[in-house]
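See structure below.
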Amino acid sequence: MEAIITVVGFLGAGKTTLLRFLINSFIEQGFNPYVILNDYENANLDAQQLSKQMASNAIKPLSGSCICCSGIMELRNMVNRIPDRKNGITLIEANGTSDACSLMEFLGVGLHDRFLPPIQISVVDVKNWQKRGAHNELEANQIQISSLLVLSHLEQVSENRKAEVIQQLKIWNPTAKVIPMQQLDVLLLPELGPSLNSAQKLDHQKAHWASCAVDLPNLPHSKAIDGICAALPKSLLRVKGCTIISGDAHYTYFERTPDGKVHIRPFNGVPITGSKLLTIGPGSETYLLQKIITSILSKNQVIDKNTP
């Protein structure tokens, strides 16, 4: 029977990093993974970035749906349509605001008999755990019925902070195993069973956030990306985009994580939706995003004209 592993965690916790690790590790062990990616506005951007690791017909983006409620039927149908294959394993990455408890409650109902009951892995950003202000309850909800809690962002935290977070995780979910990402053994994952932990009920509206996507023109240089990300409201918990930098032959992907850091890297191929700026969180308004883009481009044009 085919295992289904659902990866959850707060925005920027490292879910896609874990997913990449799982894909490579399972392929090395002779598995045939199938991946479903969920995101608010445009899951295609992340899906295309995985096409270097596996065939594109084994990656399915699911955009614009809350897979823990209105999108659960679509997700379930996607899983049931996955081709039967030798040593198959299904990996689902939920968006960073998913009500993880509701997702697991409904996903396992109506799946074909060839699938094992879904299990859930939560990625926990140790550096920022429970520093989300009004969103702490959602972050805690995302670990309560996971069978495994994977620790990320350990590079800049003390051993005391790590121990403190692990202690808190054990209070919220005493039955889950807790390990750093680098110690993960993928061969043990298909053997995990669904969590037996009980979860506190979350007001589901706390998992429904504003989101927005706007076209992004070509930018004169990478500093314009920094300028756009800095000008966007701090209330936005997720910012990502894809565009062409003047003089480059390839597209550039960027993201601003909840801690404000901006990461820029080459994009794999050509985005099927064109250049986009995507945001999640309060302040995700089309007019505001377009105004900021126009302002930053105008400033950069003045700078370019005055540069010798």
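The values are calculated or read from the model by the stated rules, or taken from the named source; none is laboratory data. Given the structure is predicted, the values throughout are model-derived calculations rather than measurements. Glycine also receives a Cβ, built like all others from the backbone with ideal geometry; neighbour counts cover every protein chain displayed. Accessible surface areas use protein heavy atoms only, side chains included; no ligands, DNA or RNA. Shrake-Rupley method; radii C 1.70, N 1.55, O 1.52, S 1.80 Å.
Along the axis of the charge dipole computed for the chain (Cβ charges of +1 for Lys and Arg, -1 for Asp and Glu, origin at the Cα centre), the listed residues Ile27, Met73, Val157 are led at the positive end by Val157. Computed over protein heavy atoms with a 1.4 Å probe, the carbon and sulfur contribution to the accessible area of the chain reaches 52%. For region 134-182 versus region 241-278, the spacing of their alpha-carbon centroids is 30 Å. Of Ser284, Ser147, Ser298, the residue with the greatest mean-square motion in the GNM of the chain, using alpha carbon springs below 10 Å, is Ser298. Considering only Pro83, Ile166, Ile280, the residue lying farthest towards the positive end of the dipole of the chain is Ile280, judged by Cα position with unit charges set on Cβ. Legend: residue pairs Lys127/Lys240; Lys131/Lys234; Lys240/Lys261; Lys131/Lys162; Lys261/Lys299; Lys15/Lys60, Cα-Cα distance threshold 19 Å; pairs beyond threshold, Lys127/Lys240; Lys261/Lys299.
Residue separation of Lys86 and Thr273 scaled by 0.36 nm, minus their Cα-Cα distance, works out to 64.0 nm of gained length.
Shape summary: region 150-308 maps onto an equivalent ellipsoid whose semi-axes, from the alpha-carbon gyration tensor, are 39, 19, 16 Å in decreasing order.
Would you rank Lys127, Lys223 by solvent-accessible area, highest first, keeping every protein chain in place and using a 1.4 Å probe? Working shown, then result.
Numbers: Lys127 60, Lys223 150 Å².
Output order, biggest surface exposure first: Lys223, Lys127.
Once the convex hull of all Cα atoms in the chain is built, its volume per residue stands at 136 Å³. The residues of the chain expose on average 45 square angstrom of accessible surface per residue, using a 1.4 Å probe on protein heavy atoms. Put simply, the amide H of Leu237, placed in the peptide plane, has neighbours under 5 Å in Ile280, Gly281, leaving out anything fewer than 5 places away on its chain. Annotation: amide H-H contacts under 5 Å for Ile89 (H modelled 1.01 Å from N, sequence separation of 5 or more, or interchain): Asn32, Tyr34.
About the centre of its Cα atoms, the chain shows a dipole size close to 460 debye [charges on the beta carbon of Lys, Arg (+1) and Asp, Glu (-1) only; nearest 20 debye]. Between the listed residues Ala94, Val186, Leu111, the Cα displaced farthest toward the positive end of the dipole of the chain, a dipole computed from Cβ unit charges relative to the Cα centre, is found at Ala94.
Out of all Cα-Cα pairs in region 233-283, roughly what percent, to the nearest whole number, are more than 19 Å apart?
Within region 233-283, distances greater than 19 Å cover 30 percent of Cα pairs.
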